[in-house]
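A.B. asks: One structure, as structure tokens, below. Some questions next.
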Amino acid sequence: MDKAGVGQLLRQLVSLDGPSGAEGPVAALIAETVRPMATQVQTDALGNVIAWRRGTLEPAARIMVAAHMDEIGFLVTKVEDGFLHVEAVGGVDARGALGQEVTVYPTGPGSEAYPNGLPGYIGSRPPHLLAPQEREKVIPLHELRVDLGLPPAALATGLVRVGDRVVMRGPYTELLNGRVATKALDNRASVAAMLAALAYLTEMRHSWDVYAVATVQEEVGLRGAMTSAFGVAPDLALVIDVTFGETPGLDNGKTVPMNKGPAIGWGPNLHPGIVKRLREVADALEIPYVMEPVPGNSGTDAWAVQVTREGIPTGLVSIPIRYMHSTTEVVVLADVDRAARLVAAFISRLDTSFLAGLPEEV
């Protein structure tokens with residue numbers, strides 16, 4: 001695995017749609033990709049993909065590495081006059097929804113003819129026909145419509161039904177300086193980093209058992225993290241997610257630099273002993289990183305994992321991206337690869353003494 005391999009993997013991951021609650025196609029790709037690197041792969045009752053890689057330690061100690069695979073999207077709430085009413089699944093920004101190309105996944109009669117979904121656009125009234133005061137406001141989501149270009153009679157057959165999924169499209173575009181722009185980098189970039197970390201581990205010796213978990217439904221409440229952490233019952237956990245990369249117009253105190261490596265989270269959601277070891281490993285291997293203060297809820301799976309069962313010492317490694325929750329999210333591939341190498345190196349250095357010393361770090 002290298003930066004080029006990470007890019008190829010990421011391109012595959014974002015090419016599939018997997019909104020919260022309908023992550024199946026992405027889950028299947030992850031399971032297929034991870035199988036050669038794992039001792040066992042399973043999908044649990046909620047849809048989390050859990051890959052177990054055996055370590056050398058007996059009795060085994062467990063580390064869980066989690067990255068959520070779901071993305072934001074929409075749900076059809078009404079079919080009227082040939083147009084679709086939709087509501088958000090996850091944190092959709094109405095400002096960026098207007099004019100977006102989408103894919104609608106029908107489930108009604110005749111839907112088997114459209115296994116790859118129906119193309120459509122999100123539209124609204126043209127500005128020429130709006131009152132002056134309306135032009136200055138963000139059009140709320142409930143006033144937008146999905147247009148499939150079909151006559152009302154075509155939808156009157158029930159092809160698209162209430163509850164069907166809608167996902168925004170965003171092509172994978174290679175930019176200059178090793179950057180790419182696409183949709184769903186939140187959080188497929190982190191899934192790519194997790195899978196790349198496992199690939200690196202195949203060339204390393206590690207004593208701890210590794211459970212790499214692609215979690216579901218993070219965008220609607222960290223649900224997959226809760227259930228998978230309870231089932232795996234790890235001794236400690238690392239969560240990989242994305243964070244806000246430096247962006248024009250934003251306070252530098254609320255963003256982290258890009259192309260400077262992953263961000264290591266630091267705050268009450270995250271165990272100080274894990275934070276310390278992550279920094280030590282990165283320094284030893286000269287992997288660039290930045291520190292990110294997280295004063296409260298990290299907004300990631302780490303928030304759920306930390307308080308599962310009797311409590312799980314948890315760390316957070318974040319990949320900076322721009323324009324989060326849009327179809328033009330931007331990431332530096334080198335940062336994805338650096339996150340993978342840091343996670344793999346952290347795991348390869350775990351021993352029994354580290355676990356025993358964790359209480360002293362609190």
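Just so you know, all these numbers are worked out from the coordinates, no wet-lab data involved. On a predicted model such as this, the values are computed, not experimentally measured, just so you know. Here the Cβ is made from the backbone with ideal geometry for all residues, glycine too, and neighbour counts use every protein chain on show.
A.B. asks: Work out how much length Ala284 to Glu112 would gain on full extension: take 0.36 nm times their residue separation and subtract the Cα-Cα distance, in nm to one decimal. Before the final figure, lay out each step's value.
C.D. replies: Numbers: separation 172, 0.36 × 172 = 61.92 nm, distance 5.42 nm.
Result for the pair: 56.5 nm of gain on full extension.
A.B. asks: Where the centroid of each part is defined by its Cα atoms, how far is segment 91-113 from segment 243-310 in Å?
C.D. replies: Comparing the Cα centres of segment 91-113 and segment 243-310, I get a distance of 33 Å.
A.B. asks: Which of the three applies to the chain, rounded, prolate or oblate, going by the alpha-carbon gyration tensor with a ≥ b ≥ c and a/c under 1.5 meaning rounded?
C.D. replies: It is prolate, given that a/c is not under 1.5 and a/b is the larger ratio.
A.B. asks: Using 0.36 nm per residue, how much length does the chain from Glu310 to Lys254 gain when fully extended, once their Cα-Cα distance is taken away?
C.D. replies: 17.0 nm
A.B. asks: Could you tell me whether segment 54-135 comes out rounded, prolate or oblate from its Cα gyration tensor? Rule is a ≥ b ≥ c as square roots of the eigenvalues, rounded for a/c under 1.5, then prolate if a/b exceeds b/c, otherwise oblate.
C.D. replies: oblate
A.B. asks: In nm, to one decimal, how far is the modelled label at Leu129 from the one at Glu80, with both set 7 Å along Cα→Cβ?
C.D. replies: Label at Leu129, label at Glu80, 1.5 nm between them.
A.B. asks: Which of the lysines could a cross-linker bridge to Lys183, judged by Cα under 27 Å and excluding same-chain residues fewer than eight apart?
C.D. replies: Excluding near neighbours in sequence, the set is Lys3, Lys78, Lys137, Lys254, Lys260.
A.B. asks: Same structure again: How big is the charge dipole of segment 27-162 about its Cα centre, in debye rounded to the nearest 20, if each Lys and Arg gets +1 on its Cβ and each Asp and Glu gets -1 on its Cβ?
C.D. replies: With Lys and Arg at +1 and Asp and Glu at -1, about 280 debye.
A.B. asks: Taking other Cβ within 10 Å of each residue's Cβ, how do Tyr200, Tyr323 sort, fewest first?
C.D. replies: Tyr323, Tyr200
A.B. asks: Can you sort Arg223, Arg179, Arg338 by how many other beta carbons sit within 10 Å, fewest first?
C.D. replies: Arg179, Arg223, Arg338
A.B. asks: Quick one: work out the % antiparallel among DSSP beta bridges in the chain, nearest 5.
C.D. replies: Beta bridges within the chain, antiparallel portion: roughly 60 percent.
A.B. asks: Now for a separate question. Going by how many other Cβ atoms sit within 10 Å of their own, how do Trp52, Trp208 line up, fewest first? Present the calculation step by step, with values, prior to reporting the outcome.
C.D. replies: Numbers: Trp52 17, Trp208 25.
Arranged by neighbour count, lowest to highest, Trp52, Trp208 become Trp52, Trp208.
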